Amino acid sequence: MLIVTEETCKDVVGREDAFKAVESVFAAMAKGDAYNFPVVREAIGYADALYGFKSGFDRAGLALGVKSGGYWPGNMEKGLTNHQSTVFLFDPDTGQLDALVGGNYLTAMRTAAASSVSIAHLARKDSKVLGMVGAGHQAGFQLRAAAEQRNFEKVVAWNFHPQMLPGLGEVAEQIGLPFEAVTREQLGAEADVIISITSAHEPLMMKDWVKAGTHIACMGTDTKGKQETDPALIAASTVFTDEIAQSISIGETQHAIAAGLITEDAITTIGDVINGTHPGRASDDETTLFDGTGVGLQDIAIALAAVKLATEQGSAKEIEL
Ligand code: NAD
């Protein structure tokens with residue numbers, strides 16, 4: 001059995017590897033070759049922790065596994081990340097444990113890869129301004145990955161806690177993009193691509209602020225009750241997602257569905273666009289919206305990539321179980 005540590009994952013898995021792994025598994029999901037199993041997420045009644053499993057099987061990529069972990073709010077005081085996860089990969093032929101892979105860095109990379117896959121396939125080619133709503137742990141990963149998909153000339157950003165914005169500004173500076181903190185109205189008026197990655201429970205971006213033709217990647221809403229986007233903006237957009245079942249239950253479209261503003265059949269999987277069975281954006285003034293809810297198969301796909309890369313580079317540790 002192989003062990004690929006957090007540090008090894010950081011050394012071997014780059015944004016291009018993450019993009020390829022996530023794009024392929026989204027394509028396999030749309031073809032019916034890969035499927036996610038029901039998610040388990042429970043408050044364990046200890047340390048205020050939320051703990052659960054995300055799992056699935058990709059018959060095309062021969063990846064079977066589970067990501068186990070959750071959210072421990074007291075970790076920050078202990079010098080640890082609040083989100084903790086580990087991926088277990090199994091041999092699909094025998095059920096034997098193949099690998100244990102650190103899941104913290106990979107979660108951020110696969111989440112950023114999901115929005116960048118959506119930008120690659122749905123954003124206008126001439127997009128120049130990237131709007132960031134959120135400036136937490138994930139936001140920097142999102143910004144770096146998005147910046148590689150279009151020739152952005154500027155980043156505009158808003159965050160509920162404005163004191164966190166300079167940290168995101170440093171990321172923009174490192175990749176050579178001018179950065180400006182703006183109001184949400186300004187962000188909507190200027191941005192060609194908007195990424196929202198917050199833990200908000202109410203709409204942050206309203207329909208009337210966003211210009212026609214924008215691509216919006218809603219990445220923060222991954223639980224019932226969370227919300228980042230005006231349901232009227234969702235209703236006015238052409239909506240794509242990683243997985244429809246998750247989108248309508250725990251993703252950003254849950255509120256527009258509940259309000260009766262859209263129906264499930266108005267939502268297309270991004271895998272259909274990748275596979276060419278849906279044309280994606282039809283015109284420059286169409287507003288496209290990707291609801292990235294985060295599926296277990298993304299974790300399994302990127303963990304498998306980490307195992308392959310670490311093995312090639314001699315940095316996977318082998319142990320007897
Ligand atoms: P973080 O705790 O580092 O940052 C939280 C962000 O949300 C900050 O920008 C903060 O200012 C903002 N925020 C907090 N309270 C807010 C409020 N009431 N209104 C508006 N904004 C508020 O978290 P993170 O690791 O950057 O994750 C951000 C979100 O992304 C979380 O909700 C997390 O669950 C979600 N997430 C989604 C996926 C996915 O696959 N879709 C994967 C990982 C994380």
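The values are calculated or read from the model by the stated rules, or taken from the named source; none is laboratory data. The structure displayed is predicted, hence computed values, not measured ones. Glycine also receives a Cβ, built like all others from the backbone with ideal geometry; neighbour counts cover every protein chain displayed. Surface areas here come from the heavy atoms of the whole protein model, side chains and all, with no ligands, DNA or RNA. Shrake-Rupley method; radii C 1.70, N 1.55, O 1.52, S 1.80 Å.
For the options 265, 91, 230, a Gaussian network treatment of the chain with springs between C-alpha atoms closer than 10 Å singles out 265 as fluctuating the most. Per residue, the convex hull spanned by the Cα atoms of the range 124-294 measures out at 101 cubic angstrom. Sequence-ordered 3J(HN,Hα) estimates for the range 241-251 from the Karplus curve with 6.51, -1.76 and 1.60 and θ = phi - 60° stand at 8, 6, 9, 4, 4, 6, 4, 7, 9, 10, x Hz, glycine and proline given as x. For the residue pairs 10/154; 226/317; 20/128, alpha carbon separations beyond 32 Å are given by 226/317.
This model, with +1 at the C-beta of Lys and Arg and -1 at the C-beta of Asp and Glu, gives the chain a dipole about its Cα centre of some 120 debye. Each peptide among 297-306, 138-147 gets the average number of other Cβ atoms lying within 10 Å of its residues, and from highest to lowest they stand as 297-306, 138-147.
Once every DSSP H run of n ≥ 4 in the chain is given -39500 (n - 2.57) and the sum is divided by its residues, what mean residue ellipticity at 222 nm do you get, rounded to the nearest 500 deg cm²/dmol? Working shown, then result.
Values: 11 runs with 110 residues, N = 321.
Helix contribution divided over all residues of the chain: -10000 deg cm²/dmol.
Using a ≥ b ≥ c from the Cα gyration tensor of the range 100-164 (square roots of the eigenvalues), is it rounded, prolate or oblate, where a/c under 1.5 gives rounded and otherwise the larger of a/b and b/c decides, a/b for prolate?
Values: a/c = 2.81, a/b = 1.20, b/c = 2.35.
Because a/c hits 1.5 or more and a/b fails to exceed b/c, the range 100-164 counts as oblate.
With the other protein chains left in place, how much accessible area per residue, in square angstrom, belongs to the range 1-106 at a 1.4 angstrom probe?
Numbers: 5610 Å² over 106 residues.
Value returned for the range 1-106: 53 Å² of accessible area per residue.
Connecting C-alpha atoms closer than 10 Å in a GNM of the chain, tell me which of 81, 311, 268 has the biggest fluctuation. Top of the fluctuation ranking is 81.
Mind running the shape call on the range 105-217? Use the C-alpha gyration tensor, a ≥ b ≥ c as the square roots of the eigenvalues: rounded below 1.5 for a/c, prolate if a/b tops b/c, oblate otherwise.
Verdict is rounded for the range 105-217.
Taking the dipole about the Cα centre of the range 143-258, with the C-beta of Lys and Arg at +1 and of Asp and Glu at -1, give me whichever of 188, 168, 232 is farthest to the positive side. Working it through, the farthest residue towards the positive pole turns out to be 232.
Where both bridge residues fall in the chain, DSSP classifies roughly 50% of the beta bridges as antiparallel. Each Cα pair under 8 Å and six or more residues apart adds its sequence gap; the mean of these over the residue count of the range 91-146 is a relative contact order of 46 percent.
How big is D for the chain, in µm² s⁻¹ as a whole number, if Stokes-Einstein is applied with the Kirkwood radius of its Cα pairs at 20 °C and 1.002 mPa s?
Numbers: Rh = 19.8 Å.
Estimated diffusion coefficient is 108 µm²/s.
Residues in the range 290-302 carry Karplus couplings, in order, of 10, 9, x, 8, x, 10, x, 5, 4, 5, 5, 5, 6 Hz; the curve used is 6.51 cos²θ - 1.76 cosθ + 1.60 with θ = phi - 60°, and Gly or Pro positions show x.
Only one residue of 246, 35, 209 has its Cα farthest out toward the positive end of the dipole of the chain, where Lys and Arg carry +1 and Asp and Glu -1 on Cβ, and that residue is 209. With an a/c value of 1.5 or above and a/b larger than b/c for the gyration tensor axes a ≥ b ≥ c computed over the alpha-carbon atoms, the range 197-321 is described as prolate.
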